[in-house]
Amino acid sequence: MSYKLGDVILSREAISRRVKEIAEQIAKDNGKDKSLVVVGILTGAAFFLTDLVREMPEDMDIRVDFMSVASYGDSTTSSGIVRIFHDLKSSIEGKNVVVVEDIVDTGLTLSHLLDLLKNRNPASLKVCVLLDKKERRKTEVKVDYCGFSIPDEFVVGYGLDCAGMWRHLKDIKGVIEE
Ligand code: IMP
């Protein structure tokens with residue numbers, strides 16, 4: 001099977017406007033005097049995260065860290081265990097943390113990851129996703145900040161890939177199977 005790029009689902013302008021709004025909301029909720037650790041889940045969220053933090057006020061104490069994880073199991077089952085390929089560089093104990101993810105689909109990866117991070121005793125732990133496919137959810141995940149809700153359609157671009165391809169697109173597009 002081969003894949004072809006489809007129509008633009010979310011334009012770069014729409015993404016950029018929404019990223020700015022979310023950054024302002026996160027900064028407002030966190031308060032100026034407080035520090036914030038922004039944790040990106042590699043690889044997809046790196047694109048969103050770097051735009052997001054650059055829209056936050058200069059006088060905020062923002063630290064950026066990354067994790068790389070994968071759920072054990074195949075596409076239909078999950079063992080409930082998240083395997084860490086790359087862990088955070090710094091402790092999050094007592095810190096305000098926002099986890100940034102590109103897309104929440106079944107919710108399994110994020111919910112396992114949140115359990116793992118909660119055990120490290122952050123002062124607060126919030127979730128920010130660019131895209132949410134609500135109808136695909138298998139487990140409840142509390143999403144505090146969401147860019148866009150999208151229908152159950154596979155999308156690429158702005159960090160999202162299809163077999164490793166198309167992460168670099170500025171717009172988010174659909175994929176056509178041929
Ligand atoms: P889940 O919420 O545990 O099912 O997994 C979310 C992960 O599935 C994301 O981090 C993406 O890597 C991947 N994913 C789900 N839907 C899409 C999509 O439409 N395009 C690209 N990746 C997707």
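In table form, for the structure just shown:
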| quantity | calculated |
| --- | --- |
| Calculated P(r) tail over 21 Å for the chain, as whole % of Cα pairs | 49 |
| Stretchable slack from Lys34 to Asn121, in nm (0.36 nm times residue separation minus alpha-carbon distance) | 29.6 nm |
| Separation between Cα centres of region 1-70 and region 126-178, rounded to whole Å | 13 |
| 21 Å Cα-Cα threshold exceeded, pairs from Lys118/Lys142; Lys34/Lys126; Lys20/Lys126; Lys28/Lys126; Lys126/Lys170; Lys28/Lys173 | Lys126/Lys170; Lys28/Lys173 |
| Over the chain: helical MRE at 222 nm, DSSP H runs n ≥ 4 each giving -39500 (n - 2.57), nearest 500 | -7000 deg cm²/dmol |
| Label-point separation in nm, Glu153 to Asp61, each point 7 Å along Cα→Cβ | 4.5 |
| Share antiparallel - DSSP beta bridges, the chain, percent rounded to 5 | 35 |
| Rounded FRET efficiency, nearest 0.05, which uses the C-beta distance separating His86 from Ser2 and R0 of 41 Å | 0.85 |
| Pairwise FRET efficiency - Glu135 versus Ala70, Cβ, R0 = 25 Å, nearest 0.05 | 0.60 |
| Heavy-atom surface of region 107-171, accessible at 1.4 Å and reported per residue (Å²) | 50 |
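The values are calculated or read from the model by the stated rules, or taken from the named source; none is laboratory data. Predicted model only: the values in this text are computed from it and were never measured. Don't worry about glycine lacking a Cβ; one is built from the backbone with ideal geometry, like all the others, and counts go over all protein chains shown. Heavy atoms of the whole protein, side chains included, go into the accessibility calculation; ligands, DNA and RNA do not. Shrake-Rupley method; radii C 1.70, N 1.55, O 1.52, S 1.80 Å.
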